[in-house]
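Readers should treat all values here as calculations from the given coordinates under stated rules, not as data from a laboratory. Here the structure is a predicted model, which is why all the values come from computation and not from measurement. Because the Cβ atoms are built from the backbone with ideal geometry, glycine has one as well, and the counts that use them run over all protein chains shown.
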Amino acid sequence: MNHILLFLLILSFSGCSPSQLDESKEAELNDVKYGNYDRNRMDIYLPANRTANTPFVVNIHGGAWTAGDKSYDTSLSKYLLSKGIAVANINYRYANNTDTHLPQLLDDIDNVFKYLIAHSKEWNTRSTGFSITGQSSGAHVSLMYAYTKTDKIKAIVDRCGPTDFTDTNTLWQLDNQHLMDAVNKMSGNKTVWKEGDPIPELYEKSSPVKFVKNVPILIIHGDQDPVVPIKQSYNLINALKGKNTLYKFLIFKGADHSLDALPGNSVKKISSTADWINKYGKN
């Protein structure tokens with residue numbers, strides 16, 4: 001009998017397939033394509049001895065919705081992997097002035113989860129009860145996905161994300177940082193907002209505070225953030241309290257928008273993220 005045919009017969013009787021990964025071993029899959037667009041790629045990190053109960057987090061990079069790359073968070077992903085957490089560290093489409101706004105970004109995230117679910121048996125990973133995290137604009141997209149698109153999220157980590165585009169003080173600060181063009185690309189708003197004007201409807205529809213759900217969330221923010229003021233996290237907390245949602249708020253004293261500027265902050269950020277996901281991202 002042909003050796004290849006014999007091998008395939010053995011696999012069929014054992015219930016395996018040639019593409020299955022050995023769950024007893026750590027695995028890293030780079031630039032996995034999950035959708036039809038050029039930036040629909042992700043890096044997958046799978047811990048050894050994983051099961052359907054192993055936490056699995058999707059990480060979304062920052063970059064004002066219009067820039068950035070998953071490589072920003074490679075070190076974070078590998079740290080989470082070392083703590084027994086499966087990670088999908090993703091790229092997604094950039095927002096623009098024409099056809100790619102928040103709904104399209106959320107469609108990309110939805111396709112990530114569809115891919116993870118479709119490969120859960122092959123990888124021996126969970127098919128529901130995922131976690132999600134991101135920094136800055138990535139945190140905003142994470143929140144909007146968890147609150148408006150799915151019931152499959154068990155835990156959230158928000159790292160200095162904007163949460164409320166109806167807050168005029170924040171809009172003024174974003175305008176001073178020359179970020180309103182990015183906000184308009186993300187939201188799809190076509191009007192020019194100036195202080196004293198009514199809040200555009202699409203700003204409200206892009207604000208996580210308007211859609212909070214009862215999902216445990218860790219919030220990390222620097223109290224000297226000049227880009228996304230810490231008041232944005234307080235606005236989110238007020239909305240969470242209205243839903244009796246479990247949350248923890250870590251304030252990094254003296255930290256700016258990077259969160260990592262001061263000694264020890266980087267370790268605290270990634271270790272706190274891992275602890276939260278391991279506590280609330282399991283079955």
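Could you work out the helix-only [θ] at 222 nm for the chain, with each DSSP H run of four or more residues adding -39,500 (n - 2.57) and the total divided by the number of residues, to the nearest 500 deg cm²/dmol?
The helix-only estimate for the chain comes to -11000 deg cm²/dmol at 222 nm.
Express in whole angstrom the spacing between the alpha-carbon centres of the range 161-224 and the range 52-87.
24 Å
What pairs from 121/269; 121/282; 149/190; 83/268; 121/152; 33/70 go past 21 Å between their alpha carbons?
As for pairs spanning more than 21 Å Cα to Cα, those are 121/269; 149/190.
Using packing as a proxy for protection, rank 268-281, 93-106 so that the peptide with the highest average count of other Cβ atoms within 10 Å comes first.
So the order, starting with the most tightly packed, is 268-281, 93-106.
Take the chain, drop everything but the C-alpha atoms, weight them equally and run the Debye formula without solvent; then report log10 I(q)/I(0) at 0.11, 0.13, 0.15 Å⁻¹ to two decimals.
Those come out to -0.62, -0.84, -1.09, one per q.
Please list, by residue number, everything in the range 241-283 whose backbone N is under 17 Å from a paramagnetic label point 7 Å out along Cα→Cβ of residue 224.
Residues 251-266 fall inside that zone.
The chain: longest stretch without exposed GluC sites (Glu not before Pro) (DSSP loop, at most 15 other Cβ within 10 Å), sites themselves excluded?
Details: sites that count: 26, 195.
For GluC sites (Glu not before Pro) (loop position, at most 15 other Cβ atoms within 10 Å), the longest site-free span of the chain is 27-194.
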